[in-house]
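Notes for the one structure printed next.
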Amino acid sequence: VTFASFVFLVFFCIVYGLILIFNSKSLRRNLSEKTQLNLKHTILLIASYVFYGWWDWRFCFLMLFLTTIAWICTKNISEGKNKRLYTFIGVVFPLLVLGFFKYFNFFVDSFKDVFGISGGRTLDIILPVGISFYTFQSLSYTIDVFRGKVQNSSFADIALYISFFPQLVAGPIVRSSDFMPQLKNNDPLKLSNLVEGAQIFVFGLFKKIVIADNLSVFVDDIFSKPLAYSSVTVILAVISYSIQIYCDFSGYSDMAVGVAKCFGYNFNANFNIPYISKNVSEFWKRWHISLSSWLQEYLYIPLGGNRKGKVRTYINLLLTMVLGGLWHGANYTFVVWGLLHGLALCIHKLWAAKRKGHTPTLFGKTVSVVITYVFVCICWVFFRADNFTIALDVITRMFIPHNGITQIFFWAWVSILLVVICHVAAGIRARRTHSAKVNGFYAVFDLNTVWGLTVFFIAVLLTLMFAYTNSSPFIYFQF
Amino acid sequence: MKKTLLWFLKAALAGILAFLVVTAVCHFYYNIPVRRSSDISATDYVWDAGAVSSRGTEGFAVTHTDEKGYVNTYPEKKDSVDILIMGSSHAEGFNVSEDENFTYLLNEKFSKSGIDMYAYNIGMSAHTLLRCFNNLDGAIKDFAPSEYIFIETSTVDFSPEELERLNAGEFEVLEAYDKGFLYTLQKSDVIRLLYSQLEDANAADAPKEETEEVSLEGYTALIDKALSNASKSVGDSDVKIVVVYCPTPEFDYNGKIVPLEMNEREKLFEELCGEYGIGFINMFSYFEQRYNATYELPHGFTNSHVGVGHINAAGHTCIANAIFDYVEGGASK
């Protein structure tokens with residue numbers, strides 16, 4: 001089941017309908033508040049496991065195992081028993097699980113390469129979908145309990161936090177401090193939440209199945225044989241990929257935010273129009289916010305952050321970004337992607353220190369945005385390419401003019417136009433609200449008006465009409 | 001209750017407004033005429049006569065159908081047909097503008113070089129080579145071409161089941177859906193597009209059909225009979241059937257065209273065509289030449305996979321050149 005499927009729509013309606021039945025006034029009158037809450041959580045928990053088991057039911061046990069570890073550890077931590085030992089266990093076990101499923105073969109192959117060992121065996125391991133997301137949630141929950149940021153919760157609540165289906169397979173990585181308090185809320189399902197959630201969902205669906213999936217046709221072609229294409233085509237493909245990955249991932253996040261909203265839960269925004277960033281530091285405050293803030297809080301700061309001198313700060317930055325790159329996948333291309341971002345963050349830190357107190361002009365800001373975007377696009381080449389040869393061929397073709405097949409892909413231009421329009425709209429909105437910062441927003445309409453309903457129906461119809469109908473999985477499912 | 005009823009009224013009004021807006025969008029993006037059954041037996045169905053069609057799903061082109069329901073817009077028409085063009089959506093000219101269609105280009109070339117020939121196109125979507133063979137008698141009866149019948153095809157390797165049905169005279173006719181509820185639904189471009197999207201999605205999810213395995217001997221017998229029947233269709237007349245084979249060229253990592261390697265069944269088809277006096281044009285060399293000169297592939301558009309899909313303007317030009325060379329060269333009939 002993916003969000004962009006008819007099966008999910010049916011699944012959602014069943015889950016929503018069940019909760020709605022248990023929310024009915026007559027039942028609410030006869031049941032205690034705690035029972036009502038337990039019922040709602042039980043339905044959501046079962047639904048989440050069904051959702052996950054749809055891919056491969058065996059991995060439900062893996063999730064259950066991680067939940068049990070988190071529960072045992074946090075229970076002991078909150079009772080003050082061997083706090084450090086249980087925190088250690090609560091962190092190491094999820095990392096071992098992640099390491100085994102995601103990185104075992106990668107490390108074995110790398111070891112063999114380094115020491116020139118031929119032969120030997122790697123394991124035929126299936127990567128459980130969404131493992132990087134729920135292992136991170138599991139271990140951060142343990143750390144948060146250890147730090148006293150959240151109180152220990154019941155097994156069922158921890159299980160729901162780790163497995164909650166809207167964010168289970170591709171994030172956003174939800175903080176326990178944000179989610180756990182919401183589990184105590186016993187408000188009935190609200191029509192206003194459904195209306196808002198549905199619109200956010202459709203917005204995300206449009207980004208995914210119309211923009212990202214249509215662009216994938218072009219991007220996949222060019223990245224499979226870059227040397228066959230002209231430089232202009234390759235440049236357009238790289239720009240297209242920057243939009244594809246943004247719409248694919250932020251589209252999924254929007255859908256997750258929308259679905260959670262329908263059930264009355266709020267997730268923080270995971271993206272905030274990242275391509276207007278004036279530097280790489282700002283980019284990481286706008287791109288995959290839940291991961292970058294997670295890495296900052298649970299990796300960069302524990303490593304020492306910027307508290308241990310300049311050199312350590314740069315080393316910490318590099319290490320955080322390299323590990324962040326590796327989190328995306330067991331491939332050296334992701335390591336290079338992380339390393340490039342890490343280096344850029346270090347350079348920006350140095351530059352910012354030198355330019356302290358300097359107010360940039362509008363021209364300066366524009367140049368900064370362009371340079372940052374170009375740099376991010378070059379990094380995306382490593383992220384997208386299957387190997388270094390392809391990445392280097394793409395970059396060579398981009399910068400050394402060459403003839404070849406020229407494909408002026410229609411959806412690339414449509415996507416660029418839409419992205420520009422959305423950015424301009426966000427800029428106008430920031431001016432109107434006198435906001436110093438341009439922020440993204442969801443265009444949520446009042447579905448009690450003919451105008452609001454008309455726009456919503458048009459959005460739904462256009463999404464269905466222009467949807468890419470071949471299978472195109474979410475990029476972040478593999479992570 | 002009153003509030004709910006009011007909301008439903010608003011929703012209905014909004015639904016109508018939204019439908020009108022997307023219909024306007026569809027008028028440009030996906031405006032396809034209705035299929036009609038007709039007295040003409042050269043094709044299983046025809047399009048609405050005199051209809052305008054626009055399609056943006058692969059490339060973008062606006063075309064018109066003539067009084068018979070085919071795409072023929074070359075201005076200098078003749079009453080008699082010298083060359084009849086048959087084939088599928090490729091021949092019909094999906095996604096290419098009318099003056100880029102190979103029939104149009106061919107007529108233009110005849111006109112410019114002073115050759116008194118007129119080609120008429122009855123290319124129609126889903127009319128594969130075997131379907132065209134099945135309709136050959138009808139095509140000769142309806143259009144009475146005096147010189148050639150060129151049949152465009154993207155494959156010359158067929159499923160034995162299809163060949164068996166063709167040889168047994170049991171080739172099923174494509175339905176026109178020009179009556180009843182389905183006909184009414186087809187009048188709405190939005191509904192047609194949504195239906196097409198649904199069909200595409202189902203096709204993407206559907207498992208691949210397994211074809212019956214037959215020995216080369218068995219296949220030879222089947223294809224032999226099919227070609228023998230096709231050659232009998234023209235009887236003793238002076239009309240020559242020519243198969244125009246348009247394979248999809250592939251290219252390697254460095255952009256070089258991968259040489260075409262025909263399998264045994266494809267080679268057999270070409271060989272048997274010769275035996276039955278059916279002409280065979282393999283478009284591969286024309287496509288390859290064009291690509292090496294201009295990097296243009298014969299298939300695919302600005303909205304599709306590179307080099308895959310319907311034949312584009314470059315491909316149509318190559319086909320027009322190849323047919324022109326064939327006719328001008330006076331290939332023996």
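The values are calculated or read from the model by the stated rules, or taken from the named source; none is laboratory data. Keep in mind it's a predicted model, so treat the numbers as computed, not measured. Backbone-built Cβ (ideal geometry, glycine too); neighbour counts: all protein chains shown. SASA here: full protein model, heavy atoms, side chains in, ligands and nucleic acids out. Shrake-Rupley method; radii C 1.70, N 1.55, O 1.52, S 1.80 Å.
Of all the listed residues (A:LYS102, A:LYS81, A:LYS75, A:LYS112), the sole one being of a type outside the set (A, V, I, L, M) and not in a helix (DSSP H, G or I) is A:LYS81.
Yes/no per residue for (1) surrounded by fewer than 22 Cβ atoms within 10 Å (Cβ to Cβ); (2) within 14 Å of chain A (Cβ to nearest Cβ); (3) more than 22 Å from the chain's Cα centre (by Cα):
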| residue | (1), (2), (3) |
| --- | --- |
| B:GLU261 | yes, no, yes |
| B:LEU268 | yes, no, yes |
| B:ASN282 | yes, no, no |
| B:HIS299 | no, yes, no |
| B:SER304 | no, yes, no |
| B:ALA314 | yes, yes, no |
| B:ASN321 | yes, no, no |
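Residue-by-condition table, conditions (1) more than 25 Å from the chain's Cα centre (by Cα); (2) under 18 Å from A:HIS328 (Cα atoms); (3) surrounded by fewer than 20 Cβ atoms within 10 Å (Cβ to Cβ):
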residue	(1), (2), (3)
A:PHE101	no, yes, no
A:PHE104	no, yes, yes
A:ILE117	yes, no, yes
A:GLY130	no, yes, no
A:PHE133	no, yes, no
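In the set (1) touching a helix residue (DSSP H, G or I) at 6+ places or on another chain (Cβ under 9 Å); (2) surrounded by fewer than 24 Cβ atoms within 10 Å (Cβ to Cβ), the condition left unmet by A:LEU191 is number (1). In the set (1) assigned to a helix (DSSP H, G or I); (2) hydrophobic (A, V, I, L, M, F, W, C); (3) open to solvent by 40 Å² or more (accessible area, probe 1.4 Å), the condition left unmet by A:TRP55 is number (1). For first residues located in region A:346-367 and in contact (Cβ under 8 Å) with a residue 12 or more places away in the chain, partners that are of a type in the set (Lys, Arg) and lie 6+ apart or on another chain with Cβ distances below 7 Å form the pairs A:LYS365/A:LYS278. Scanning region A:8-37 for residues that are touching a residue at least 40 places away in the same chain (Cβ under 8 Å) and open to solvent by 70 Å² or more (accessible area, probe 1.4 Å) turns up A:LEU20, A:GLU33. Taken over region A:437-455, residues that are of a type in the set (Phe, Trp, Tyr), part of a loop (DSSP other than H, G, I, E, B) and within 14 Å of chain B (Cβ to nearest Cβ) amount to 1. Of the numbered criteria (1) over 15 Å from the mean Cα position of the chain (by Cα); (2) surrounded by fewer than 18 Cβ atoms within 10 Å (Cβ to Cβ); (3) part of a helix (DSSP H, G or I), the one A:GLY304 fails is (3). When B:VAL243 is tested against the conditions (1) open to solvent by 60 Å² or more (accessible area, probe 1.4 Å); (2) under 22 Å from B:TYR286 (Cβ atoms), the lone failure is (1). Close Cβ contacts (under 9 Å, 6 or more residues apart or on different chains) running from residues in region A:161-186 that are open to solvent by 10 Å² or more (accessible area, probe 1.4 Å) to residues that are basic (Lys, Arg) and in a helix (DSSP H, G or I) comprise A:ASN186/A:LYS34; A:ASN186/A:LYS40.
Count of region A:319-336 residues, restricted to those that are polar (S, T, N, Q) and more than 16 Å from A:ASP386 (Cβ to Cβ), is 1.
Filtered by the rule that a residue be facing another protein chain (nearest Cβ under 7 Å) and out of contact with any strand residue (DSSP E or B) (no Cβ under 9 Å at 6 or more places or on another chain), region A:401-416 gives A:ASN403, A:ILE408, A:PHE409, A:PHE410, A:TRP411.
Assuming B:LEU222 fulfils every condition listed in (1) assigned to a loop (DSSP other than H, G, I, E, B); (2) modelled with pLDDT under 95 apart from one, which condition is it? Only one criterion in (1) assigned to a loop (DSSP other than H, G, I, E, B); (2) modelled with pLDDT under 95 is unmet by B:LEU222, namely (1).
Would you check which residues across region B:284-297 are touching a Pro at 6+ places or on another chain (Cβ under 8 Å) and within 14 Å of another protein chain (Cβ to nearest Cβ) and list them? If the condition is that a residue be touching a Pro at 6+ places or on another chain (Cβ under 8 Å) and within 14 Å of another protein chain (Cβ to nearest Cβ), then B:PHE287, B:GLU288, B:ARG290, B:TYR291, B:LEU297 are the ones that fit. Taken over region B:67-104, the criterion of being of a type in the set (S, T, N, Q) and closer than 16 Å to B:CYS246 by Cα is satisfied by B:SER88, B:SER89, B:ASN101, B:THR103. Residues of region A:335-379 being in contact with a Phe, Trp or Tyr (Cβ under 7 Å, 6 or more places away or on another chain) and open to solvent by less than 40 Å² (accessible area, probe 1.4 Å), which ones? Matches in region A:335-379: A:VAL336, A:TRP337, A:ALA344, A:CYS346, A:THR372, A:VAL376, A:CYS379.
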